[in-house]
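To start, the structure under review is shown below, and the notes come after it.
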C-alpha cells in the first residue's frame, strides 16, 4: 500500500478522537439517540396521537407486559400434550413395534449417557480419543 492509499486513523471509526471514543464506550450498547420518540413511553400513542398497533394487546402481547411476563414465567410448550412419544413408552411406537430411533444400533439410540459424553468431547472422531 502506497502512502497515497493509506488512510489516516481519523478517517475511519473514531480514529484519533480518543475522548469521543471513550465517551461512546461509556454509553455502551445504546444505539438510538435520546430524542427518538418511543410510543411505549407515551401510553402506546404515536407522535400523531394515533395508537401504535405494535403496542396493541390484540397484536401478540403488545403493551401488556404483565401478561407477557406471566406467560414467560409459565414457559412455553413446543408440542401439544397429545403427541405420542416412544421415549415415554419404553421405546415402542403407538402400534406396539420397537421404534428404530430408540435402538442403540441406530446412532446413540437410547444411550443418553454415552451420547452426552460424546457431546462433551466435541469434535473427537471416535470414543478412544482423549482417553
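General observations
- Contact map, the range 80-102: residues that are at positive phi paired with residues that are at pLDDT 85 or above and exposed (fewer than 14 other Cβ atoms within 10 Å of the Cβ), Cβ distance under 7 Å, separation 6+ or inter-chain. Pairs shown: 91/98.
- Checking 47, 88, 70 one by one, the residue that is in contact with a helix residue (DSSP H, G or I) (Cβ under 9 Å, 6 or more places away or on another chain) and modelled with pLDDT of 70 or more is 47 and no other.
The values are calculated or read from the model by the stated rules, or taken from the named source; none is laboratory data. Everything numeric here is computed off the predicted structure, so don't read it as measured data. Note that each Cβ is placed from the backbone with ideal geometry, even for glycine, and that neighbours are counted across all protein chains shown.
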